[in-house]
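Values quoted throughout were computed directly from the atomic coordinates according to the rules given, and no laboratory measurement underlies them. Model, not experiment: these values are computed from the prediction. Here Cβ is always computed from backbone atoms with ideal geometry, including for glycine, and neighbour counts include all displayed protein chains.
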């Protein structure tokens, strides 16, 4: 496998416009506030160079992508703009709190296969998906078989964007560090998450029935 190959989710990766945080840092944040996550302090994890811009068909910026790896595993993180006006937090929680359609996962499959970076084109076989609603922001999880590799994919929504992760081992058949994958996924966020959550909770409180005056 060619370890230097990187592919964007159906979008061309332009030159690196966003500098990554130092590899020794436990936290990584996109300079434009589109993505943030924590890098495990142990395990030899480090960013692979700088973040890259995702470009849409019109050449405009559509998001950001960054890859983190160690000797055994590799994870790709992407923040992709949804386009249009911001959706409400309630609608995002509802949409991503339900199982994403099969057509969505069919589109994700080739992207997962590309990110593994095999020398020969290899199709991705969908193995299954589940929805995790234990946190404030629901997370859709899926796995794909790409040759002898298993790619662990997560997708979560925000009012203005979608956040994805793709994790896999460097070598086929190697034991994946799923605990590290889960730690990454739990930390994925944007700098606006607290603002959106506070707004949602205020709206919920305002809509709640008020006790009658005595």
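Residues being part of a loop (DSSP other than H, G, I, E, B) and either surrounded by 12 or more Cβ atoms within 10 Å (Cβ to Cβ) or touching a residue at least 40 places away in the same chain (Cβ under 8 Å) (or both): count how many of those fall in the range 128-146. Of the residues in that region, 5 qualify. Need the failing condition index for residue 177 against (1) in contact with a strand residue (DSSP E or B) (Cβ under 6 Å, 6 or more places away or on another chain); (2) touching a residue at least 40 places away in the same chain (Cβ under 8 Å); (3) under 19 Å from residue 82 (Cβ atoms), just the number. In the conditions (1) in contact with a strand residue (DSSP E or B) (Cβ under 6 Å, 6 or more places away or on another chain); (2) touching a residue at least 40 places away in the same chain (Cβ under 8 Å); (3) under 19 Å from residue 82 (Cβ atoms), residue 177 misses (3) alone. Residue 162: part of a strand (DSSP E or B) and either under 15 Å from the mean Cα position of the chain (by Cα) or exposed (fewer than 14 other Cβ atoms within 10 Å of the Cβ) (or both), yes or no? Answer is yes for this residue. Taking the range 184-210 as the range and being within 22 Å of residue 31 (Cα to Cα) and either surrounded by 15 or more Cβ atoms within 10 Å (Cβ to Cβ) or touching a residue at least 12 places away in the same chain (Cβ under 8 Å) (or both) as the test, the residues that pass are 184, 185, 186, 187, 188, 189, 190, 191, 192, 193, 196, 197.
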